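Here the structure comes first, spelled out in structure tokens, and everything after it is commentary.
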Amino acid sequence: MKSIINKEIFETTIKNSKFIGVIIPIESKDDVKDNLNKLKEEYKNATHYCYAFKLINDKGFSDDGEPNKTAGIPILNVIEGNDLVNVLVVVIRYFGGIKLGPGGLIRAYSNTAKEVINKSTLTDLINGLVVSITFTYSNEKEVNYLLKNSIIKSKEYEQNCTYIIETTKEILDSISNLVTINYVNEKIIPKLN
């Protein structure tokens, strides 16, 4: 299984229609809805917002008004063909006045999805941990160094430093003498090193 680290965008024009492919890392169905709403705000007046998503235990798609099975399923097939999970691929279309027909639509949506995936930095997924840690300011430099292959989700500076991180058991063991561990949850995370 693979996923992506960052959002990517790819644009192309096919017979006067503009296709914008967007790939976004997600963790839940709520992320799908939230990101679709943001994209509809960002790309106002588009004709279609076709998409597919794949989570570890769920998947879905939408043709958003395009003929049945010409957009969502082709996008999902590209995601699955690349063995990706925890991703949302949206292909936004601004209709240019020339109909592409079912075959043309399938090619346009598939190719746009392929190209935005090709632009992405893919990463393997591993069993990891979501952890809240607290430590003194004097240990911050060393903790940051030891977390270089972890994802720091948030930082809070009050009396001490508190981070929420996605990491591995090995990295957590390496910092355990410097930090207080507040909680640990298991989670599939991107492999960063």
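Points worth noting:
- Simple Cβ-charge dipole of the range 52-150, Lys/Arg +1 and Asp/Glu -1, about Cα centre, in debye nearest 20: 320
- Residue-wise HN-Hα coupling along the range 29-36, computed from phi with Karplus coefficients 6.51, -1.76, 1.60 (Hz; x: Gly, Pro): 5, 4, 4, 4, 4, 4, 5, 4
- Virtual spin-label span in nm between Asp83 and Asn6, 7 Å along Cα→Cβ: 2.5
- For Asn86, nonlocal amide neighbours, meaning residues 5 or more places apart or on other chains whose placed amide H falls under 5 Å from its own, are Lys54, Leu55, Ile56.
- Placed amide H near Leu147: partners under 5 Å, 5+ positions off or other chain: none
- Helix 72-81 and the longest principal axis of the Cα set of the chain meet at an angle near 50°.
- Pairs of Lys in the range 105-193 closer than 21 Å at Cα, counting only those 8 or more apart or on different chains: 15
- Accessible surface of the chain, 1.4 Å probe, proportion on carbon and sulfur as whole %: 46
- Magnitude of the charge dipole for the chain, about its Cα centre and with charges confined to Cβ atoms of Lys, Arg (+1) and Asp, Glu (-1), is about 800 debye.
- R0 of 30 Å, Cβ-Cβ distance Thr121-Asp34: FRET efficiency to nearest 0.05: 0.85
- The range 60-193: C-alpha pair distances exceeding 24 Å, %: 50
- The residues of the chain present an accessible area of 53 Å² per residue when probed at 1.4 Å with all protein chains retained.
- Whole-number Å³ per residue for the convex hull built on Cα positions in the range 1-147: 130
- Rounded to whole Hz, the Karplus (6.51, -1.76, 1.60) HN-Hα couplings of the range 119-130, x for glycine and proline: 6, 7, 8, 8, 9, 6, 9, 9, 6, x, 9, 9
- ³J(HN,Hα), Karplus 6.51/-1.76/1.60, whole Hz, each residue of the range 160-172, x for Gly, Pro: 10, 8, 10, 10, 10, 10, 10, 8, 9, 4, 4, 5, 4
- Charge dipole of the range 1-158 about the Cα centre (unit charges at C-beta), most positive-ward option of Ser132, Val143, Tyr109: Tyr109
The values are calculated or read from the model by the stated rules, or taken from the named source; none is laboratory data. The structure displayed is predicted, hence computed values, not measured ones. Reconstructed Cβ throughout: ideal geometry from the backbone, glycine too, with neighbour counts over all protein chains shown. Ligands, DNA and RNA are excluded from the accessible area calculation, which covers all protein heavy atoms including side chains. Shrake-Rupley method; radii C 1.70, N 1.55, O 1.52, S 1.80 Å.
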